[in-house]
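Structure, as structure tokens:
Read-outs: derived from the displayed coordinates by stated rules, not from any lab. On a predicted model such as this, the values are computed, not experimentally measured, just so you know. We place every Cβ from the backbone using ideal geometry, glycine too, and count neighbours over all the protein chains shown.
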Amino acid sequence: MGKITTTTLNKLKANGEKFVCITAYDATFARLVSEAGAETILVGDSLGNVLQGHDSTIPVTVEDMAYHTACVARARTDALVIADLPFMSYSTPEQALVNATELMQAGAEMVKLEGGTWLSETIHMLVERGIPVCAHLGLTPQSVHALGGYRVQGRTPKGAKSILADAVEIQDAGASLLVLECVPAHLAADISSKLRIPVIGIGAGAGTDAQVLVLHDMLGLSSHTPRFVHNFMEGQDTIQGALQAFVTAVKAGEYPRDEHSYE
Ligand code: KIV
């Protein structure tokens, strides 16, 4: 397929072809994820949980993200590398610009930030200056304390309406991608069909344009995993086999199934 860009992802959406994102935090896994055929790699601030042993992503710093982004970017082949702006690193547009610049100079090709309408000005500013943006709505882990825990979002009509309105607004502000985490499957499918930009789901059912999982979760290495995670090491002898099984299952529409989704 060659180097993956936002143009590639838009074409996949237009053709109704699913694509895949897997998190990676180092050079070896970045290479394996890319070789398995995942179109995008997320250097997620989930590294706070799976690498650093914290119980949330809140302690992760821009310095941590830049270090791991550089490790991943050195091994990049074709996959598009997205890096998370960590907690409180984009609370003003100016702060976002400084920190997103650091991640782009470390090798990211897009930055991800969590939140809706309040980020419109920030997204617009970054995009205008040449920094592509992936937004993240639904369960936004950096707001775990404000949300009262890791809970499914958008279950009430009011909540669903607000997530849809946020999604439209971040698209209009210039975001290239949207991650939707832990929302009812019907809401994610509705938002994906209404947006021009590709929507990547995690715990958001099968109706999104793409799926993402945290590497350690999908390899069955995490001590606790939410219901939407499948252990792709099952039936596989190698990590490469598990990564490929995830990519194949998403593209074939075999993952996620109803048992991995929320109503
Ligand atoms: O940090 C991360 O890995 C993420 C995914 C859960 C989407 O944001």
Practice problem: Could you grab me the full set of residues in the stretch 38-61 that are touching a residue at least 40 places away in the same chain (Cβ under 8 Å) and either closer than 23 Å to F19 by Cβ or in contact with a Pro (Cβ under 6 Å, 6 or more places away or on another chain) (or both)? | Solution: A38, E39, T40, I41, L42, V43, G44, D45, S46, V50, T57
Quiz item: If you scan the stretch 216-263, which residues turn out to be of a type in the set (S, T, Y) and over 17 Å from E35 (Cβ atoms)?
Solution: S222, S223, T225, Y255, S261, Y262
Quiz item: Based on what the data block shows, is D78 at negative phi, in contact with a Pro (Cβ under 7 Å, 6 or more places away or on another chain) and acidic (D, E)?
Solution: no
Self-check item: Counted residues, the stretch 206-231 - those being away from the ligand (no atom under 16 Å from the Cβ), of a type outside the set (A, V, I, L, M) and either assigned to a helix (DSSP H, G or I) or within 21 Å of T40 (Cβ to Cβ) (or both)
Solution: 1
Quiz item: Somewhere in the stretch 80-87, is a residue more than 15 Å from the ligand (Cβ to nearest atom) and either in a loop (DSSP other than H, G, I, E, B) or farther than 26 Å from I163 by Cα (or both)?
Solution: no
Self-check item: Qualifying residues in the stretch 109-142 (those that are polar (S, T, N, Q) and either near the ligand (Cβ under 10 Å from one of its atoms) or part of a loop (DSSP other than H, G, I, E, B) (or both)) - the one nearest to T6 (Cα to Cα)
Solution: T140
Quiz item: Just to be sure, is L177 free of Cβ contacts under 8 Å to residues at least 60 places away in the same chain and within 30 Å of T122 (Cβ to Cβ)?
Solution: no
Exercise. Test I170 against the criterion of being within 12 Å of the ligand (Cβ to nearest atom), surrounded by 24 or more Cβ atoms within 10 Å (Cβ to Cβ) and either under 30 Å from E128 (Cα atoms) or within 14 Å of the chain's Cα centre (by Cα) (or both), and give yes or no.
Key: no
Quiz item: Which condition number does K11 fail, the rest of (1) without any contact (Cβ under 8 Å) to a residue 24 or more places away in the chain; (2) over 24 Å from G253 (Cα atoms); (3) in a helix (DSSP H, G or I) being met?
Solution: (2)
